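Reading through the structure tokens given below for one structure.
The values are calculated or read from the model by the stated rules, or taken from the named source; none is laboratory data. Nothing here was measured: the structure is a model prediction, and the numbers come from that model. Every residue, glycine among them, receives a Cβ derived from its backbone with ideal geometry; neighbour counts consider all protein chains shown. Remember, those area values only see protein heavy atoms, side chains included, never the ligands or the DNA or RNA. Shrake-Rupley method; radii C 1.70, N 1.55, O 1.52, S 1.80 Å.
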Amino acid sequence: MTQAFTVPREKLRQELDPRSLPFDSTAELQPLDGIFGQKRAVQALAFGLSVKSPDYNIFVTGPTGTGRSTYTQKAVHQRAGHEAVPDDWCYVYNFEQPYEPIALRLPPGVGAALARDMEHLVEELQQRIPKVFESEDYQKSKERVIKQFQEKSNALIEKFRREASAAGFSLQRTPAGFMAFPTVEDRPLKPEEISRLDETSRQQLEANASAVENKMQELGRHLRALEKEAQEQVAQLDKGIGYYLVSLPLSDLKGRYREFPQVVEYLQAVQEDIVENLDDFRTANEQQNPLDFLFQRTKGEKITKYSVNLLVDNSKQRGAPVIIETNPTYYNLTGKIEYKGQLGLMMTDFSMIKAGALHRANGGYLVLFAEDILRQPAAWDALKKALKNQEVSIENMAESYGLIPTASIKPEPIRLKTKVILIGSPVIYNLLYHLDEDFSKLFKVKVDFSADMDRTPANIANYAAFIASHCRQAGLKHFSAPATAKLIDYSTRLAEDQGKLSASFNKMVEIICEADAWAQVDGAPQVEASHVVKALEEKEYRSNKLEERIRELIARGDILIDTRERVIGQVNGLSVIDLGDYQFGKPSRITARTYSGKEGVLNIERESRLSGRIHDKGVLILSGYLGGKYARNKPLALSATICFEQSYDGVEGDSASSAELYALLSSLAGVPLYQGIAVTGSVNQRGQIQPIGGVNRKIEGFFTVCKLQGFTGNQGVIIPRQNVKNLQLKDEVIEAAAAGKFHIYAIDNIEEGLEILTGLPAGEPDAAGNYPKGTFNYLVNKSLEEFAAQLRFHRPWSWLEEEQPAGIGTEGS
């Protein structure tokens, strides 16, 4: 009976014949160029890179280890190499608004040239200006102005002296100016002499004193006017010399940059400012007072405003820039304004503006990892703001959020034209797509890397070339044809599909490296199939401590698993334990108890809060199956409990729902189930068996327990028929199946599984809904009829009131 459901040996694993490979060693193969098996992702990435619209940024997603990051970076670099080099960006001093530095956009290399030219200009002026102002010609010209001032002022003073003398007063120069004293016979009058003067003489003296005082004030005004005139003449002399000194080199610069009006305008402003602030250069080489910094900025800081802050230098760039930012903090993305401490204050200027990744990637590509940027405070919002506004503003984080209003510089925003490529998991992509309304507007191209690829001859050949490429790049031993075939079969096992190959190249590289290591230990000239097997076995051994501990507990009888007896209401279900780096299958005893009642099927895991939502759904489906199968002409008067025995960590998933149904039906029918056959597979309300995941691990987990307790020749596992294509079992399982020690059964519905587990035919109902005697369903139906009768007998009226629809009476009414 069971032979019809047995999976033949050739379907237990997809194996590659080494003789079908057109080489003896991967050393004969050409290295792989690019990526394979990712046609959709390759086309999507090429499209995304070709679209120039600003909102067509790219999100690269897919499982880790599929080459999504490596290929993306390689493809971006290849495309960027054929594109134009973007412009330089500089910040210069704004002479009209000192706190708002001006951004200059210049062709590649021109920004660096301007920075050098301005540096040379300042150095030249620092040397020339002091020399000219210290020259003999300048000193003579200045002395002439001063001499003229002194001659005019002396003449005025002498005239005033004579007038004062005629009025009886003499002049005396003091630090505060001139003072007039009344005199007699060329000597000052003493206070007592003044007091002895008669009234007329005293009044005359006071009138003369007032007149002298007025004339002395007039003299002061004339002297100040002369001094101002002299200062203006000296200033005009200085400006004339300064203009002459500055105009010559700046005229050369203006001619050199005449194609850039913004630069010419800036140079004109520089010229005017230098002429107005010649003292900053005249004293540049003088020794400064050590205490000057307490009151003003040093001369070196004052001339910093004539420098050029080269924010982005593309003079040595070949093609468009590709920036891969692995630490996308707010400041690393958008740039920052640095500060330095001075007298307890934080000072800054335009020369302390630093570029961020967005500036360096301007005109090119910026590659970011989604998880990294989402972890950084304010970084994601800053990136979106830059992409939406198509400009980068450099500002402190606190200021951008309005937390700490401070007086600082506000650099002019820089126009942004860059394509951002985000690399992240499918979970992050889905969360951003549904929770961030800007995401779908800014990242319109999805590049989705697949976890597997079709197992075609072309992809097998590409896999072999991939192995050859990695061996060459890493300096490893090459693989023989049998070793390559074994590795490709392992790829199919990772994909869990006989028609697929895994795209998890990272895991494949691990086995390539470890197999090479074992070949080194053996001193083999190349890696053989035995080395690949050894690498797989050792890799598993390093991680399967928990699995071996569970086996030990089963062998000692601490974990109750029976693989020989027949038991009513009990079956071995299968689950997978995932440790992250290692997964293994574990059998679990599932039991069911049934009795008359109205509570229905009670999930003990759910009641104890050890059950997940999917498992709860699977248990609820059982009630639907029982009602539709056996209660079409009678009420379902059933109370039942289902339990995963010795389960303490929680249960999730519906892959055990068919096993739970078998235990439940066995309890109802009173027919024992063979414990040597474990069960996996979900079930729907119609009794159809549905596929599950982890089928290989589950089979191998139960196989190990049967091997531990001893084979009987009747043991095996029932799986959904849809999972046959997922089989890629280990050698020992296949050998045991071929020898008749272990069996893999594939079924489509519950009835087929019941026949395997019980040895009884399931039975089909006749037109009246009755099952033939001697069938399993007959026993289940009979038990349910008895339950219904018992419930009706013990509570006739309350049962009828609760069960009968409104308007329908009792039997015989």
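Within the stretch 306-359, the set of residues being part of a helix (DSSP H, G or I), closer than 23 Å to Leu383 by Cα and hydroxyl-bearing (Ser, Thr, Tyr) comprises Tyr330, Tyr331, Thr334.
For the stretch 119-144, which residues satisfy the criterion of being within 18 Å of Leu267 (Cβ to Cβ) and either touching a Leu at 6+ places or on another chain (Cβ under 8 Å) or not in a helix (DSSP H, G or I) (or both)? Write out each step before concluding.
We begin by selecting, within the stretch 119-144, every residue within 18 Å of Leu267 (Cβ to Cβ); these are 119-126, 128-129.
Passing the criteria: Leu121, Leu125, Arg128, Ile129.
Within the stretch 615-634, the set of residues being open to solvent by 40 Å² or more (accessible area, probe 1.4 Å) and at pLDDT below 85 comprises Arg632, Asn633. Answer yes if at least one residue in the stretch 244-251 is open to solvent by 90 Å² or more (accessible area, probe 1.4 Å) and either under 30 Å from Glu158 (Cα atoms) or in contact (Cβ under 8 Å) with a residue 12 or more places away in the chain (or both), and no otherwise. No, the stretch 244-251 contains no residue that is open to solvent by 90 Å² or more (accessible area, probe 1.4 Å) and either under 30 Å from Glu158 (Cα atoms) or in contact (Cβ under 8 Å) with a residue 12 or more places away in the chain (or both). Just one of the listed residues (Asp436, Asp452) is among the acidic types (Asp, Glu) and within 24 Å of Asn726 (Cα to Cα), namely Asp452. Just checking, does the stretch 650-658 include any residue being at pLDDT 90 or above and part of a helix (DSSP H, G or I)? Yes; the residues of the stretch 650-658 include at least one that is at pLDDT 90 or above and part of a helix (DSSP H, G or I).
Answer yes if at least one residue in the stretch 649-661 is open to solvent by less than 10 Å² (accessible area, probe 1.4 Å), among the charged types (D, E, K, R) and touching a helix residue (DSSP H, G or I) at 6+ places or on another chain (Cβ under 7 Å), and no otherwise. For the stretch 649-661, residues open to solvent by less than 10 Å² (accessible area, probe 1.4 Å), among the charged types (D, E, K, R) and touching a helix residue (DSSP H, G or I) at 6+ places or on another chain (Cβ under 7 Å): present. The set of residues from the stretch 440-471 being assigned to a helix (DSSP H, G or I), open to solvent by 20 Å² or more (accessible area, probe 1.4 Å) and within 23 Å of Leu45 (Cα to Cα) comprises Ser440, Lys441, Ala458, Asn459, Asn462, Phe466.
Please list, ordered by residue number, the helices (runs of 4 or more DSSP H) wholly in the stretch 710-795 having 2 or more residues that are within 21 Å of Ile561 (Cβ to Cβ).
Counting at least 2 such residues, we get 731-738, 750-758.
Look at the stretch 765-789: where a residue is surrounded by fewer than 13 Cβ atoms within 10 Å (Cβ to Cβ) and a partner is assigned to a loop (DSSP other than H, G, I, E, B) and modelled with pLDDT under 85, sitting 6+ places away or on another chain with Cβ atoms under 6 Å, you get Gly769/Asn633. From the residues in the stretch 23-52 that are without any contact (Cβ under 8 Å) to a residue 60 or more places away in the chain and of a type in the set (Gly, Ala, Ser), which one is surrounded by the fewest Cβ atoms within 10 Å (Cβ to Cβ)? The extreme case among them is Ser50. The residue pairs whose first member lies in the stretch 504-523 and is farther than 19 Å from Gly65 by Cα, whose second member is basic (Lys, Arg) and open to solvent by less than 70 Å² (accessible area, probe 1.4 Å), and whose beta carbons are closer than 8 Å, counting only pairs six or more residues apart or on different chains, are Asp516/Lys477; Ala519/Lys477; Gln520/Lys477. Cβ-Cβ distances below 6 Å connect the following pairs, each with a first residue in the stretch 524-541 that is closer than 12 Å to Lys477 by Cα, a second residue that is basic (Lys, Arg), and a separation of six or more residues or different chains: Gln526/Lys477; Val527/Lys477. If the condition is being outside any loop (DSSP other than H, G, I, E, B) and open to solvent by 30 Å² or more (accessible area, probe 1.4 Å), then the stretch 662-683 contributes only Pro672.
Could you tell me whether Ala115 is within 30 Å of Ile699 (Cα to Cα) and either β-branched (Val, Ile, Thr) or assigned to a helix (DSSP H, G or I) (or both)?
Details: within 30 Å of Ile699 (Cα to Cα): no; either β-branched (Val, Ile, Thr) or assigned to a helix (DSSP H, G or I) (or both): yes.
Spelling it out, it is not the case that Ala115 is within 30 Å of Ile699 (Cα to Cα) and either β-branched (Val, Ile, Thr) or assigned to a helix (DSSP H, G or I) (or both).
Table: residues versus (1) at pLDDT 95 or above; (2) farther than 24 Å from Tyr93 by Cα; (3) in a helix (DSSP H, G or I); (4) more than 26 Å from the chain's Cα centre (by Cα).
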| position | (1), (2), (3), (4) |
| --- | --- |
| Pro411 | no, no, no, yes |
| Ile421 | yes, yes, no, no |
| Ile428 | yes, yes, yes, no |
| Leu431 | yes, yes, yes, no |
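Taken over the stretch 1-48, the criterion of being on the phi < 0 side of the Ramachandran plot, part of a loop (DSSP other than H, G, I, E, B) and not hydrophobic (A, V, I, L, M, F, W, C) is satisfied by Pro8, Arg13, Gln14, Glu15, Asp17, Pro22, Asp24, Gln30, Pro31, Asp33, Gln38. Ser153 falls short on exactly one of the conditions (1) surrounded by 15 or more Cβ atoms within 10 Å (Cβ to Cβ); (2) more than 30 Å from Lys228 (Cα to Cα); (3) modelled with pLDDT of 75 or more, and that condition is (2).
Quick check: anything in the stretch 601-622 more than 28 Å from Gly759 (Cα to Cα), under 48 Å from the mean Cα position of the chain (by Cα) and polar (S, T, N, Q)? There is at least one residue in the stretch 601-622 that is more than 28 Å from Gly759 (Cα to Cα), under 48 Å from the mean Cα position of the chain (by Cα) and polar (S, T, N, Q).
Taken together, the residues in the stretch 560-601 that are open to solvent by 30 Å² or more (accessible area, probe 1.4 Å), among the hydrophobic types (A, V, I, L, M, F, W, C) and either in a loop (DSSP other than H, G, I, E, B) or in contact with a Cys (Cβ under 9 Å, 6 or more places away or on another chain) (or both) amount to 2.
Within the stretch 465-493, which residues are more than 21 Å from Leu727 (Cβ to Cβ), among the aliphatic types (A, V, I, L, M) and touching a Pro at 6+ places or on another chain (Cβ under 9 Å)?
Ala465, Ala468, Ala481, Ala483 - these are the residues of the stretch 465-493 that are more than 21 Å from Leu727 (Cβ to Cβ), among the aliphatic types (A, V, I, L, M) and touching a Pro at 6+ places or on another chain (Cβ under 9 Å).
Here the stretch 685-703 is the region considered, the condition is being more than 41 Å from the chain's Cα centre (by Cα) and surrounded by fewer than 24 Cβ atoms within 10 Å (Cβ to Cβ), and the residue that is nearest to Ser639 (Cα to Cα) is Gln685.
Can you give me the number of residues within the stretch 68-103 that are assigned to a helix (DSSP H, G or I), under 16 Å from Tyr365 (Cα atoms) and open to solvent by 20 Å² or more (accessible area, probe 1.4 Å)? Break it down stepwise before answering.
As a first pass, look at the stretch 68-103 and keep what is assigned to a helix (DSSP H, G or I): 68-80.
Then keep just the ones that are under 16 Å from Tyr365 (Cα atoms); that gives 69-80.
From what's left, open to solvent by 20 Å² or more (accessible area, probe 1.4 Å): 69-71, 73-74, 77-79.
Residues meeting the conditions: 8.
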